[in-house]
Amino acid sequence: MGSRFFSHLIILFISFLVFADYSALAKHQGATRHYKFDIKMQNVTRLCQTKSIVTVNGQFPGPQITAREGDRVVVKVVNHVQYNISIHWHGVRQLRSGWADGPAYVTQCPIQTGQSYVYNFTIVGQRGTLFWHAHISWLRVTLYGPIVILPKKGVPYPFPQPYKEVPIILGEWWKTDTETLITQALQTGLAPNVSDAFTVNGLPGPFYNCSAKDTFKLKVKPGTTYLLRLINAALNDELFFSIAGHHFTVVEADAVYTKPFQTNTVLITPGQTTNVLLRTRHHFPNASFLIAARPYATGPAAFDNTTTSGILEYHQPSSSTHKKGVKFPLLKPSLPIFNDTSFAANFSRKIRSLASPKFPANVPKKIDRKFFFTVGLGIMSCSKNQNCQGPNNTRVAAAVNNVSFVQPNIALLQAHFFNKTKGVYTTDFPANPPIKFNYTGPPPSNIMVSSGTKVVVLPFNTSVELVMQDTSILGAESHPLHLHGFNFFVVGQGFGNFDPKNDPGKFNLVDPAERNTVGVPAGGWVAIRFLADNPGIYPLHLVSFSVLE
């Protein structure tokens, strides 16, 4: 019963200086790209079972948003389904456009049935791969799609120009209706069923029953470089990704260029994106190669221990002596075991910012505010009219510094903007745990968590250092966390309890990874730094299931 099922927490960073001077950014010099998203139901068959799912324009996965750095993106979303809808543009900084960020009841009230909302934002200082998804309930199980941000015209990549670019979106599939599933889970306090399959671009692949025809195929030419834009849109699981007989060169993470490094396997957390170069073999190999992804899982919770797959095939040369239709052997990759925490930690450490004169790593050196957040699980009392399955009518809940988020009934940004915050939220979120204990050791005797709609207030341009510490109260596990509105630098990570005296001296302040989503290691900690230079209300929250995600 891990946090990937019960994490309905959200921490909000607010800058009240909403009219800060952004005149330097106000000049819109790029193109304006218009999209229309019609939210509609669509019958889709997977695993020999047809069900009606929520889609954009009837597509699953949804349509790709393409823009260049500096472009304005305008998306009109029209809701034709029975559910309330909101769309989050995951990783887009939203400078001066906080109203377009998308988390329901944070920056907007959701779009009701028959209504529409226009998202309007400009891509500033970003290039690479991001993605969009629903940001309410569990609708993002099927409501997601890629965002491709190209460099400005005439500006090359800081790596070899690929022959072709291919988005690869990893997701999950349930045979049952997922809105019914999560509603029941919230009512009973029990974990919802794990997914029935993982998917590659919406297709489960041949390892699942009745799914051989639903297999993603990537056809390539020999001796050619491809840019794979990897996206983990799965709701619950970090995933290992590999292609048999090939290696990758990692060149970008979360729309930030990185120092290139080679690897056979990529670990990608829910909400993260990773661009890799794939160099194909120089000659036709007389084989096909399995594209595979399976979960990295820690902690006591059940998880979908299956493997999704696609097939990489080489275009058969016209001069080939092989007969058309000859079936070549299918080679399979060797993926790490499901709980290979050592691989996970080592892979994360390899990701470094490019830190070049053109793409500097502006890590805050002088820190104005320091926070220490414990991230983990506890027990929460259910209401008297709710029949929860834990002892004495309790349920498992995720919490940060022992606070579990309570969703308001009005958007927090709206409440702040109209100065009607009384009774909506309070500004007393604790900067440190209320009680110190051995966070990765035996749990304390009282594991009850409190609840509330609490926020942290940050003055404009505050430099922040935040250490997030996993706890082992109900079992240590990795926690993917996403910060809206900002990129941050991952300056340090480790196992065990964070040592405030010795660990900061080991921080990387030269070329740390710059990301928008990071995994707090199972039984460990991660330290991030960022500059609060974007006025608005932005959540920091677990990427895996929350009532807002």
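So for the range 414-499, considering every pair of alpha-carbon atoms, how many percent are separated by more than 14 Å?
Values: 2780 of 3655 pairs.
The answer is 76 percent, as a whole percent.
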**Item:** Interatomic Cα distance distribution for the range 282-437, bins of 10 angstrom, percent
**Value:** 7, 15, 21, 23, 16, 10, 7, 1
**Complete:** Projected onto their principal axes, the Cα atoms of the range 68-177 stretch, largest extent first, over whole-Å spans of 46, 37, 20
**Prompt:** In Å², what does the accessible area per residue of the chain work out to with a 1.4 Å probe?
**Reply:** 39
**Request:** Please list Phe486, Phe328 in order of solvent-accessible area, largest first, computed with a 1.4 Å probe with all protein chains present.
**Result:** Phe328, Phe486
**Request:** Tell me the label-point distance for the pair Ala302, Asn264, using the 7 Å Cα-to-Cβ offset, in nm and rounded to one decimal.
**Result:** 3.3
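When the chain is fully extended, how far beyond the present Cα-Cα distance does Asp533 get from His80, taking 0.36 nm per residue of separation? Can you show the working numbers first?
Working: separation 453, 0.36 × 453 = 163.08 nm, distance 3.65 nm.
Contour length minus the Cα-Cα distance gives 159.4 nm.
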**Prompt:** To the nearest µm²/s, what D does Stokes-Einstein give for the range 394-549 at 20 °C and 1.002 mPa s, using the Kirkwood radius over alpha carbon pairs as Rh?
**Reply:** 127
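With a sphere of radius 13 Å drawn around the Cβ of Leu228, what net charge do the other residues whose Cβ falls strictly inside it have (Lys, Arg +1; Asp, Glu -1)?
+1
So for Met380, Met448, Met468, what's the accessible-area order with a 1.4 Å probe, most first? All intermediate terms of the calculation are to be shown ahead of the outcome.
On the way: Met380 30, Met448 75, Met468 5 Å².
Highest to lowest solvent-accessible surface, that is Met448, Met380, Met468.
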**Request:** Could you state how much accessible area Leu47 has, in square angstrom rounded to the nearest 10, with a 1.4 Å probe and all protein chains kept in place?
**Result:** 20
**Asked** Leaving out ligands, DNA and RNA, what percent of the accessible area of the chain is carbon and sulfur, probe 1.4 Å?
**Response** 51
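Take every DSSP beta bridge whose two residues both sit in the range 358-467, then give the antiparallel share in percent to the nearest 5. Mind dumping the intermediate values first?
Details: 8 of 17 bridges.
About 45 percent, rounded to the nearest 5.
Rounded, prolate or oblate: which fits the chain when a ≥ b ≥ c are the square roots of the eigenvalues of the alpha-carbon gyration tensor, with rounded for a/c under 1.5 and prolate only if a/b beats b/c? Don't skip to the end; give the middle numbers.
Values: a/c = 1.39, a/b = 1.29, b/c = 1.08.
Cα axes put the chain in the rounded bin.
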**Message:** Nearest 10 degrees is fine. How inclined is helix 341-350 to the longest principal axis of the chain, computing both from alpha carbons?
**Reply:** 80
**Prompt:** Hey, with R₀ at 45 Å, roughly what FRET efficiency would Phe460 and Gln316 work out to, going by the Cβ-Cβ distance, to 0.05?
**Reply:** 0.15
**Message:** For Cα pairs less than 8 Å apart in space and 6+ apart in sequence, what is the mean separation divided by the residue count of the range 305-459, i.e. the relative contact order in percent?
**Reply:** 20
**Asked** Could you give the radius of gyration (one decimal) and Dmax (whole number) of the Cα atoms in the range 247-294, in Å?
**Response** 12.7, 37
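Just to verify a number: FRET efficiency for Leu47 and Gln389, C-beta to C-beta distance, R0 = 35 Å, to 0.05? Present the calculation step by step, with values, prior to reporting the outcome.
Numbers: r = 28 Å, r/R0 = 0.81.
Result of the calculation: an efficiency of 0.80.
Kirkwood Rh, Cα Rg: Rg to Rh for the range 143-203?
Numbers: Rg = 18.8 Å, Rh = 15.3 Å.
Taking Rg over the Kirkwood Rh, I get 1.23.
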**Prompt:** Under a point spin-label approximation (7 Å from Cα along Cα-to-Cβ), what is the Val326-Thr113 distance to one decimal in nm?
**Reply:** 5.9
**Request:** Report the antiparallel proportion of the DSSP beta bridges in the chain as a percent, rounded to a multiple of 5.
**Result:** 70
**Per-pair calculated FRET efficiency, R0 = 22 Å: Val510 and Lys350 via Cβ, rounded to 0.05** = 0.90
**Isolated Cys in the chain, by beta carbon distance under 4.7 Å** = Cys109
**Request:** Would you list, by chain and number, the lysines whose Cα falls below 23 Å from the Cα of Lys152, excluding same-chain residues fewer than 8 positions away?
**Result:** Lys27, Lys164, Lys259, Lys358
**Rg(Cα) / (2.2 N^0.38 Å) computed for the range 221-373, rounded to two decimals** = 1.26
**Message:** Can you give the local net charge around Gln272? Use residues other than it whose beta-carbon is closer than 13 angstrom to its beta-carbon, Lys and Arg +1, Asp and Glu -1.
**Reply:** -3
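So what is the relative contact order of the range 241-333, in percent, for Cα pairs below 8 Å that sit 6 or more residues apart? Could the numbers behind the result be given before it?
On the way: 149 pairs, mean separation 30.1, N = 93.
Over the range 241-333, the number comes to 32 percent.
Based on the Cα atoms of the range 206-292, what semi-axes does the equivalent ellipsoid have, where each is the square root of 5 times one gyration tensor eigenvalue, given in whole Å with the largest first?
On the way: eigenvalues 94, 83, 19 Å².
Value: 22, 20, 10 Å, ordered largest first.
Any chance you could run the full-extension gain for Asn446 through Val166? It's 0.36 nm times the residue separation minus the Cα-Cα distance, nm to one decimal. Write down the numbers at each step before the final one.
On the way: separation 280, 0.36 × 280 = 100.80 nm, distance 4.99 nm.
Gain in length upon complete extension: 95.8 nm.
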**Fill in**
tail above 12 Å in the computed P(r) of the range 52-93, as % of all Cα-Cα pairs, reads 71
**Message:** Are there any trypsin sites (Lys or Arg not before Pro) in the range 198-248 that are in a DSSP loop and have at most 11 other Cβ atoms within 10 Å? List them by number.
**Reply:** Lys213
**Item:** Net +/- balance of residues flanking Phe343 in space, Cβ distance below 15 Å, scoring K and R +1, D and E -1
**Value:** +1
**Asked** Once the Cα atoms of helix 178-188 and of the chain are each reduced to a long axis, what angle between those two axes, in degrees from 0 to 90 to the nearest 10, is obtained?
**Response** 30
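The values are calculated or read from the model by the stated rules, or taken from the named source; none is laboratory data. This structure is a prediction, so every number in the text was calculated from the model and none was measured. Quick reminder, even Gly has a Cβ in these numbers, built from the backbone with ideal geometry, and neighbours come from all protein chains shown. Note: areas computed on protein heavy atoms with side chains; ligands, DNA, RNA excluded. Shrake-Rupley method; radii C 1.70, N 1.55, O 1.52, S 1.80 Å.
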